[in-house]
Amino acid sequence: MQTGSWSRMGLCLLGLVSMAIGQGEAKKGGLSATLAAPKATVLAGRPITVTLTIANSGPEAGSSLARSLVVRDQCVVAAPPPMMPGERKGQWTKLVSGVKTGTFSKLEVGDSITVTLQVALPEDLNTTGGPVSLQWVGAKNSPLDGLRSNELPFQITSSSNPLATLETSEGTVVLELWPNEAPNHVNNFIELAEKGFYSNRLFHRVIANFMVQTGCPEGTGTGGPGYSIGPEFNAQSFKKGVLGMARAAAVDSAGSQFFVCVADRPDLDKKYTAFGRVFEGQEIVDRISVVPTTAGVDRPHQDVILKSVTVDLPKGFERKAVVKVAEGSK
């Protein structure tokens, strides 16, 4: 596979020109265009990251492509679902980063190019929430004229709560955090995520019909961030998909390790702090929960990795300093 050599993301902002969405060819000659994204849930007001892959399945080699034909001022349209059958009008996106120069080499049969774009939705699609679709459109009067990608659906949420995206070796999970229920736990989680603390951590404890746990820097369940935080027990019950903070016997021993339930566990209520829930990707959590493990320690035979955690904050979200009850602990 040939990959675009530029490293900066193309940031697309909506222009004023309308464009029909859903028309055109998913394949032209041997060329096809595919738009993909790691998650379908996006917080209102935040940009959307997508990858575009143009592939040549033959029968003939394609010509070389200028980057400006693939990533350009008008390359992606966005539209809500149709109110009635018929043509849908979308709005063009506008490329604002300087990544349009240069040329991709000739697309041989079986070869492909992949680029990453970041797009921001127009105000009318970005504030009220709801479904929206994106589609990449080939440049007119070029070898890509008439070629369009698949329509890629997203759900824009106007939640006032932060959304955390967990990239794991098994797939992507989106969590909604609950600052109204456990503000200190949420601020602690956000702070650790922004520091990169959760990057490349093992899911060190996995129990089917119970939960999956990660966030230990030692990979053993004995480590933490170097401090602990106190409990914030609340009325939220530990149902399937609820996010909780792990701790030792002492109620004020929580730090960085967290778990996600894969079954209802009311026996944990007001014994552990619930501070969020799965918003998207429960099937990924469920898949992790049933991997083969070593009896007695519940560690997967093959490593399951939490690659990274990123958090999108809603407009107006007020960050506060984490209240720590013990410094210097693991």
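The values are calculated or read from the model by the stated rules, or taken from the named source; none is laboratory data. All values reported here derive from a predicted model rather than from experimental measurement. Ideal geometry is used to build each Cβ from the backbone, glycine not excepted, and the neighbour counts take in all protein chains shown.
If only residues of the stretch 118-164 that are charged (D, E, K, R) and surrounded by 17 or more Cβ atoms within 10 Å (Cβ to Cβ) are counted, the one that is nearest to Leu177 (Cα to Cα) is Glu151. Among the residues of the stretch 219-247, which ones are part of a loop (DSSP other than H, G, I, E, B), out of contact with any helix residue (DSSP H, G or I) (no Cβ under 8 Å at 6 or more places or on another chain) and hydrophobic (A, V, I, L, M, F, W, C)? Answer for the stretch 219-247, where residues must be part of a loop (DSSP other than H, G, I, E, B), out of contact with any helix residue (DSSP H, G or I) (no Cβ under 8 Å at 6 or more places or on another chain) and hydrophobic (A, V, I, L, M, F, W, C): Phe233, Ala235, Ala246. Taking (1) touching a Leu at 6+ places or on another chain (Cβ under 6 Å); (2) in a strand (DSSP E or B) in turn, Thr172 satisfies each apart from (1). Meeting the requirement of 3 or more residues that are surrounded by 13 or more Cβ atoms within 10 Å (Cβ to Cβ) and at pLDDT 80 or above, the strands (runs of 3 or more DSSP E) wholly within the stretch 33-102 are 41-43, 48-56, 76-79. All told, Glu167 meets the bar of being modelled with pLDDT of 85 or more and outside the structural domain of Arg72 (by TED's automatic domain parsing). When every residue of the stretch 144-165 is checked against the conditions, none turns out to be out of contact with any helix residue (DSSP H, G or I) (no Cβ under 7 Å at 6 or more places or on another chain) and under 29 Å from Ala249 (Cβ atoms). Remark: pairs (first residue in the stretch 283-300, in contact (Cβ under 8 Å) with a residue 60 or more places away in the chain; second residue of a type in the set (Asp, Glu); Cβ separation under 9 Å; 6+ apart in sequence or on different chains) = Ile284/Glu170; Val285/Glu170; Arg287/Glu170; Ile288/Glu170; Val291/Glu170. Residues in the stretch 222-248 that are β-branched (Val, Ile, Thr) and either surrounded by fewer than 24 Cβ atoms within 10 Å (Cβ to Cβ) or under 24 Å from the mean Cα position of the chain (by Cα) (or both): Thr222, Val242. Residues satisfying the criterion are absent from the stretch 236-258 (criterion: out of contact with any Gly (no Cβ under 6 Å at 6 or more places or on another chain), without any contact (Cβ under 8 Å) to a residue 24 or more places away in the chain and under 25 Å from Leu163 (Cα atoms)).
Filter the stretch 31-67 for residues that are among the polar types (S, T, N, Q) and in contact with a Gly (Cβ under 6 Å, 6 or more places away or on another chain); which is farthest from Phe104 (Cα to Cα)? Out of the qualifying residues, it is Ser57. The single condition among (1) farther than 25 Å from Gln302 by Cα; (2) over 22 Å from the mean Cα position of the chain (by Cα) that Gly219 does not meet is (1). Just one of the numbered conditions (1) over 16 Å from the mean Cα position of the chain (by Cα); (2) buried (at least 18 other Cβ atoms within 10 Å of the Cβ); (3) in a loop (DSSP other than H, G, I, E, B) is not true of Asn180: (2).
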